[in-house]
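The values are calculated or read from the model by the stated rules, or taken from the named source; none is laboratory data. For clarity, every value in this text was computed on a predicted model and none was experimentally measured. Neighbour counts run over all protein chains shown; Cβ positions are idealised from the backbone, glycine included.
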Amino acid sequence: MSSARVIVVGSVNLDLLYRVPHLPRAGETLLGSQLQRLSGGKGGNQAHAAAKIAPPGVTVAMVAGVGDDDAGALLRSDLASAGVDVAGVRTVPGVSGTALIAVDDGGENTIVVIPGANSEWPESAAASIDLRPGDVVVLQLEVPFAVVESVVARADELGARVVLNAAPLDRRAADLLAGVDVLVVNEIEAGELFGFDAGLEADDVAGIAADLTTDLVVTLGARGVVFAPAGGAAISHPAFAVDAIDTVGAGDAFVGGLAAALAASASLESAVRWGSAAGALTTTVRGARHPGLTREAVETLAGPVG
C-alpha cells in the first residue's frame, strides 16, 4: 500500500495548564492548583491526534519552529514519541511558544498564547516544505499569516488537499478560501468570519457553504458538528456521549482526526465522524492531548474509516 501523508504546518507550544474554581473575571485574583507542564500548540496537538489514530498507510509530519530551550527539546520529543515525523521541526534561537491555560471546575477554559519561536519563520519556509500531490496539508493561524498564505498557495498549486482551521480567528482567512479544500471553524469563528450571530443551525451552514468553493465544517461543542460540502446540503452530526472532564484540545483533536481520515480517502462525512470521536475522547482526560488515544478507540465510536 502506498503511503498517504498528513503534513501539519503550524504551532507547537509548551502548555502551562492550571485549575481554577471558575474562570477569572476582569481584575479578579484567584488561587489556582494542579499546575502541569505539557506539550501543546494547535499544530502540535493536531499532528499528535492524527498520528495516534492514523489508519494503515497514513503517515504524519510536523513543520514548525521551537526555541533552543528545554521546552523545545520536550516538544520535539513528545511529537516523535507519538509517531510524528519531526524532521521539519526547526530550532531557532530564543524561547519556544508558550500557552497559559486556565481550566475551571466545569471543564471550560481560557487560553493566552505567547508565540515565541512560532513567530520565527524564514521567508523560504513555504518553498522548503516537501509537498506532493495528494498530501493533506493542515494549517491553523498561530503562525504568521504570510506563512499560512504561502503554504496554501503552494499546496493548491501542487494538488495537495488543504485543511484550514481558521483559529485563532483572523478575518483575512476569508481571502484564502479559493485555495482551501476544507475549512474548519467553531461556531464563534464562523459567525465572525461570515457575519452570523451565535446559534448557527444546519440551514445557516448550508447558506454559507452555498457561496463557497470549499467544504465547510463548523464545530458546535456539546451540540456536535454541522458540515456541508461546497455548494451542498448541510448535515448535522451529534456529539458522541462521553464523560468529559476537560475541553482543552478537543477542537485540535477533531482536526487531526478529520485530516487522518481524509488522507485515507474517507468521505467528508466519515472524516467528520472520526474527528468528532477523536475530539470527544480527548475531553475525557486533562490537557490538550490524550496520551492513550488510539485508532481502535476512535473506530469503536465512529466506525471504520471509509
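Tabulated data for the structure shown
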quantity	calculated
Any pair with Cβ under 6 angstrom, 6 or more apart, that starts in the stretch 284-306 at a residue that is surrounded by fewer than 16 Cβ atoms within 10 Å (Cβ to Cβ) and ends at one that is at pLDDT 95 or above and not aliphatic (A, V, I, L, M)	G306/S270
Selection from the stretch 174-197 of residues that are within 22 Å of A263 (Cα to Cα), in contact with a helix residue (DSSP H, G or I) (Cβ under 6 Å, 6 or more places away or on another chain) and part of a helix (DSSP H, G or I)	L176, G179
Counted residues, the stretch 1-56 - those being more than 30 Å from V152 (Cα to Cα) and either in contact with an Asp or Glu (Cβ under 9 Å, 6 or more places away or on another chain) or not acidic (D, E) (or both)	21
Tally, over the stretch 20-75, of residues that are charged (D, E, K, R) and surrounded by 24 or more Cβ atoms within 10 Å (Cβ to Cβ)	2
Residue satisfying condition, being modelled with pLDDT under 90 and of a type in the set (A, V, I, L, M), within set A260, A244	A244
Filtered residue count, the stretch 222-248, keeping only those that are within 18 Å of P291 (Cβ to Cβ) and touching a strand residue (DSSP E or B) at 6+ places or on another chain (Cβ under 7 Å)	3
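A quick yes/no check of all residues on (1) farther than 24 Å from N13 by Cβ; (2) touching a Pro at 6+ places or on another chain (Cβ under 9 Å); (3) crowded, with 20+ Cβ neighbours inside 10 Å:
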{"position": "A127", "(1), (2), (3)": "yes, no, no"}
{"position": "V137", "(1), (2), (3)": "no, no, yes"}
{"position": "Q140", "(1), (2), (3)": "no, yes, yes"}
{"position": "V147", "(1), (2), (3)": "no, no, yes"}
{"position": "R154", "(1), (2), (3)": "yes, no, no"}
{"position": "R172", "(1), (2), (3)": "no, no, no"}
{"position": "V184", "(1), (2), (3)": "no, no, yes"}
{"position": "E192", "(1), (2), (3)": "no, no, no"}
